[in-house]
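S.K.: The structure that follows is given in the form of structure tokens.
The values are calculated or read from the model by the stated rules, or taken from the named source; none is laboratory data. Computed from a predicted model, the values in this text were never measured in an experiment. With ideal geometry, Cβ positions are generated from the backbone for all residues, glycine too; neighbour counts draw on all protein chains shown. All accessible areas refer to the heavy atoms of the entire protein, side chains included, with ligands and DNA or RNA removed. Shrake-Rupley method; radii C 1.70, N 1.55, O 1.52, S 1.80 Å.
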Amino acid sequence: MDSDSLLPLSESLELPVIDFSDQNLTPGTSKWDEVKADVRKALEDYGCFQAFVGKVSNIELTKSVFEAMEELFDLPVQTKQRNVSSKPFHGYLSHNLYQSLGIEEANDAEKVNYFTQQLWPDHGNKSISETMHKFAERLVELDLMARRMTMESFGIEKYLDEHLNSTYYVLRMMKYTAPPDDDVEETKLGLLSHTDKSITTILHQYEVDGLEIKTKDNKWIKVKPSQHCFIIMVGDFLCALLNGRLYSPNHRVLMTAKKTRYSTAMFFVPKQGVVIDAPEELVDQEHPRMFKPFEYNEFINFFHSEAGRKAESALHAFCAL
Ligand SMILES: O=C(O)CCC(=O)C(=O)O
Ligand SMILES: [Fe+2]
């Protein structure tokens with residue numbers, strides 16, 4: 001087991017919750033600027049926060065997503081293995097307690113149909129396709145707000161359109177089997193500590209907890225599942241794009257409850273060929289350039305190499321100046 005297991009779990013710390021439920025949350029309003037300041041502060045402090053999206057708007061949708069996941073993961077392994085992609089680690093994955101299915105560009109209805117047709121070649125699955133598509137659209141909406149706020153808060157909003165146009169989306173659905181009934185922490189690890197190889201990620205836990213975020217002073221914060229919140233997190237590429245001004249937090253899944261756990265993660269990722277380079281506005285004497293420009297796939301290839309897997313931070317090992 002890595003040294004992470006020795007770190008204390010903070011009982012008192014909780015991730016900040018920021019209210020995104022106001023229908024009038026639009027750029028240029030004072031409400032927008034208020035929320036933007038909270039987002040900036042939370043991302044500086046924790047690299048992530050919980051976005052509260054309202055008491056009612058979300059419940060039906062997340063319930064349908066949960067039911068869809070139960071149906072999907074109940075399929076035979078050979079069927080789930082038909083969820084393949086030309087890109088590595090984008091399709092069905094399974095190890096220890098963890099299994100996951102992936103939908104590329106889940107905000108595009110045709111791509112979601114393609115996914116259900118991989119699993120049900122005769123006629124797909126209309127209801128699951130519609131649910132996952134609607135869910136992805138909702139997450140994209142939320143991400144666009146958070147990313148606009150973040151870029152505005154660093155005074156680089158003039159690059160926003162270019163930045164958003166160079167992004168695509170991957171939705172992953174995850175199921176973690178209940179751990180064995182023993183007191184060994186290692187057997188409860190659903191997902192090893194990592195930083196996300198994304199620009200941003202939006203996570204959601206369905207009923208059962210497990211997600212833990214590492215603070216800057218090396219404590220684990222356990223995030224309680226909430227029907228009304230999504231966790232928005234900085235990934236390695238946003239860290240590089242912002243010249244290290246925000247950091248991508250380490251996080252893991254520890255299955256302390258003896259229950260099956262479902263979660264979803266929407267990854268916002270640079271498109272093929274996009275070069276990540278911090279704009280000049282973020283480089284000055286106080287903030288010297290931290291990373292050399294790099295292309296997404298080159299970094300991913302490094303990340304999956306022996307050296308990348310061994311590195312404490314693949315991002316720093318790959319392109320720190
Ligand atoms: O299952 C979770 O809550 C976290 C998943 C995660 O961190 C990931 O897929 O990168
Ligand atoms: Fe992650």
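S.K.: Filter region 272-321 for residues that are assigned to a loop (DSSP other than H, G, I, E, B) and of a type in the set (S, T, N, Q); which is nearest to residue 238 (Cα to Cα)?
M.R.: 313
S.K.: In region 92-110, what residues are within 17 Å of residue 265 (Cα to Cα), free of Cβ contacts under 8 Å to residues at least 40 places away in the same chain and among the charged types (D, E, K, R)?
M.R.: 108 - this is the single residue of region 92-110 that is within 17 Å of residue 265 (Cα to Cα), free of Cβ contacts under 8 Å to residues at least 40 places away in the same chain and among the charged types (D, E, K, R).
Yes/no per residue for (1) of a type outside the set (Val, Ile, Thr); (2) open to solvent by 50 Å² or more (accessible area, probe 1.4 Å); (3) within 16 Å of ligand 2 (Cβ to nearest atom):
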| residue | (1), (2), (3) |
| --- | --- |
| 262 | yes, no, yes |
| 265 | yes, no, yes |
| 269 | no, no, yes |
| 272 | yes, yes, no |
| 278 | yes, no, no |
| 288 | yes, yes, no |
| 295 | yes, no, no |
| 298 | yes, yes, no |
| 302 | yes, no, no |
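S.K.: Scanning for something open to solvent by 70 Å² or more (accessible area, probe 1.4 Å), in a helix (DSSP H, G or I), at pLDDT below 95 and of a type in the set (Asp, Glu), does region 1-21 turn up at least one residue?
M.R.: no
S.K.: Restricting the search to region 202-229, which residues are of a type in the set (S, T, N, Q) and touching a Lys or Arg at 6+ places or on another chain (Cβ under 9 Å)? Explain how you work it out, then say what you get.
M.R.: Going through region 202-229, the residues of a type in the set (S, T, N, Q) turn out to be 205, 215, 218, 226-227.
Answer for region 202-229, where residues must be of a type in the set (S, T, N, Q) and touching a Lys or Arg at 6+ places or on another chain (Cβ under 9 Å): 205, 227.
S.K.: For region 43-119, please list each of the helices (runs of 4 or more DSSP H) lying entirely inside it that holds at least 1 residues being among the aliphatic types (A, V, I, L, M) and either open to solvent by less than 60 Å² (accessible area, probe 1.4 Å) or touching an Asp or Glu at 6+ places or on another chain (Cβ under 7 Å) (or both).
M.R.: 59-73, 109-119
S.K.: Is it the case that residue 171 is within 16 Å of ligand 1 (Cβ to nearest atom), buried (at least 18 other Cβ atoms within 10 Å of the Cβ) and hydrophobic (A, V, I, L, M, F, W, C)?
M.R.: The answer is yes for residue 171.
S.K.: Answer yes or no as to whether residue 128 is among the β-branched types (Val, Ile, Thr), open to solvent by less than 40 Å² (accessible area, probe 1.4 Å) and either modelled with pLDDT under 95 or not in a strand (DSSP E or B) (or both).
M.R.: yes
S.K.: In region 145-175, which residues are more than 13 Å from ligand 2 (Cβ to nearest atom), closer than 21 Å to residue 223 by Cα and not hydrophobic (A, V, I, L, M, F, W, C)? Don't jump to the end; show me each part of the working.
M.R.: First, pick out the residues of region 145-175 that are more than 13 Å from ligand 2 (Cβ to nearest atom): 145-169, 171, 173, 175.
Filter again for closer than 21 Å to residue 223 by Cα, leaving 146, 171, 173, 175.
Matches in region 145-175: 175 only.
S.K.: Among (1) within 16 Å of ligand 1 (Cβ to nearest atom); (2) open to solvent by less than 10 Å² (accessible area, probe 1.4 Å), which single condition is residue 147 missing?
M.R.: Checking residue 147 against (1) within 16 Å of ligand 1 (Cβ to nearest atom); (2) open to solvent by less than 10 Å² (accessible area, probe 1.4 Å), the one that fails is (1).
S.K.: When residues of region 181-206 are filtered for being away from ligand 1 (no atom under 13 Å from the Cβ) and in contact with a Leu (Cβ under 9 Å, 6 or more places away or on another chain), how many remain?
M.R.: Within region 181-206, residues that are away from ligand 1 (no atom under 13 Å from the Cβ) and in contact with a Leu (Cβ under 9 Å, 6 or more places away or on another chain) number 4.
S.K.: Regarding region 207-220, can at least one residue be identified that is hydrophobic (A, V, I, L, M, F, W, C), more than 26 Å from residue 27 (Cα to Cα) and more than 13 Å from ligand 1 (Cβ to nearest atom)?
M.R.: We begin by selecting, within region 207-220, every residue hydrophobic (A, V, I, L, M, F, W, C); these are 208, 211, 213, 220.
This time we only want the ones that are more than 26 Å from residue 27 (Cα to Cα), so: 208, 211, 213, 220.
Adding the requirement that they be more than 13 Å from ligand 1 (Cβ to nearest atom) leaves 220.
Yes, there is a match, as at least one residue in region 207-220 is hydrophobic (A, V, I, L, M, F, W, C), more than 26 Å from residue 27 (Cα to Cα) and more than 13 Å from ligand 1 (Cβ to nearest atom).
Residues are listed down the side, and each one gets a yes or a no for (1) under 25 Å from residue 53 (Cβ atoms); (2) touching a residue at least 40 places away in the same chain (Cβ under 8 Å); (3) of a type in the set (A, V, I, L, M):
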residue	(1), (2), (3)
200	yes, yes, no
213	yes, yes, yes
218	no, yes, no
237	yes, yes, no
254	no, yes, yes
259	yes, yes, no
262	yes, yes, no
265	yes, yes, yes
294	no, yes, no
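S.K.: Can you name the residue in region 251-260 that is surrounded by fewer than 20 Cβ atoms within 10 Å (Cβ to Cβ) and not basic (Lys, Arg) and is also farthest from residue 188 (Cα to Cα) among such residues?
M.R.: Among those that are surrounded by fewer than 20 Cβ atoms within 10 Å (Cβ to Cβ) and not basic (Lys, Arg), it is 260.
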